[in-house]
1. Set the Förster distance to 51 Å, then compute FRET efficiency between residue 140 and residue 233 from the Cβ-Cβ distance, nearest 0.05.
2. Can you compute the modelled spin-label distance between residue 107 and residue 303, with each label point 7 Å from Cα toward Cβ, in nm?
3. Please compute the modelled spin-label separation between residue 223 and residue 14, points set 7 Å along Cα→Cβ, answer in nm with one decimal.
4. In what sequence do 63, 308 fall when counting other Cβ within 10 Å, fewest first?
5. What nm distance separates the two modelled labels at residue 23 and residue 201, each placed 7 Å from Cα along Cα→Cβ?
6. Kindly flag which residue pairs out of 92/196; 37/141; 141/193; 37/63 have an alpha-carbon separation exceeding 30 Å in this structure.
7. Please give me the summed charge of the neighbours of residue 128: other residues whose Cβ is under 13 Å from its Cβ, Lys and Arg +1, Asp and Glu -1.
8. Arrange 46, 352 by Cβ neighbour counts within 10 Å, fewest through most, would you?
Amino acid sequence: MNLWKKLVSEFVDIIAWTDDSQDTMVYRFERYQNEIKYGAQLTVRESQVAVLVNEGEIADVFKPGLYELTTENMPILTTLKSWKHGFNSPFKAEVYFVNTKNFTNLKWGTQNPIMLRDPEFGPLRIRAFGTYALKVNDAAKLIREIAGTDGQFTVDEITGQLRNFIVSRFAEVAGQSKIPVLEMAANYEQLSKFIKNKIETEIGLYGIELTALLIENISLPPKVEEALDKRSSMGVIGDLSKYTQYQAAEAMENAAKNPSGGAGEGIGMGIGFAMAQQMMTQMSTQQVAKGESVPPPLPNQVAYYVAKDGQSTGPFDIALIKDGIQTGAIQPESLIWKTGLANWMPAASLTELSAAFNTMPPPIPGA
């Protein structure tokens, strides 16, 4: 088998490479014992360069074109070998083809959250991801610093290191920029340029350059995003007191739709009264904050307490009690107490409340 390879190599004197892998950066042209005939034809296509390595040293670099490997076309190697008068026998050298095209749609992202101090929210953890593109701008440096003697060096073998460069510089730029997290989306392009400029010198030592770098997304932890969503919702709601009124009415209406009584009815009425009280407190607080005068309580206003599930709820004024009667949250047999009563009394037995029950329609027959 080795004899056959040797015989074939004596007749094959064309050195070329066509790439169909889409991810190969360096490819070593295979010859039997690395013997290349003097006068062989070297074809270097567009988006390629060819590097001749002799005894571990880079001898010559060929740009796109057609070359005959002679003393005229190999000045460095000829000097090393002292072939001043030509030499027709094979010489030993390795030929590496380096792909100089753009390698696009490469991914980068933060494996762990990055800590930074936001001007608005304080300490935060963020994540980011995006894409980038690279190309080889110095084939000799790439082989010397990274690829070495690898016969087929792919882009995957360097993307891990480049991703670390990008993530590290992103953390540095994001922290120094002092851009609020809520405004980072409007500055993706500016941040991308800063990161690209910071790592150009570092990766340039490997013979590589970034031709593009994009930030696609910067995100916050899920719980922080939920809090921001709630904050945004409150901004959409606007007037909190009106929203509280609406919620109280909804709670009381839902309680009225559950005539079975029991714990569900008590919870519904309790929620309705509690939210109504909260609404009144908030409205009073807002008035004080605005410098508006708050009227004093009406004189001799009676406070009512309602028994629900063995507990006392209240105090409520008579208007809230009548609202509870209208919605069905308070039934004629519901126990109520006010100042002056010795014991808890059914709501319908109180003179001031009995009329409110009489305005309610009777049960529907057969319901």
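No lab work stands behind these numbers, since they all come straight from the coordinates. Just so it is clear, the structure is predicted and the values come from calculations on it, not from any experiment. Virtual Cβ from ideal backbone geometry, glycine too; neighbours counted across all protein chains shown.
1. Working: r = 60 Å, r/R0 = 1.17.
With a Förster radius of 51 Å, E is 0.30.
2. Calculated label separation equals 6.4 nm.
3. Placing both labels 7 Å along Cα→Cβ, they lie 6.7 nm apart.
4. On the way: 63 12, 308 21.
Least crowded to most crowded, the residues run 63, 308.
5. The answer from the label model is 3.3 nm.
6. 92/196, as the Cα separations exceed 30 Å there.
7. On the way: positive: 107, 125, 127, 163, 169; negative: 172, 216.
Summing Lys and Arg as +1 and Asp and Glu as -1 gives +3.
8. 46, 352
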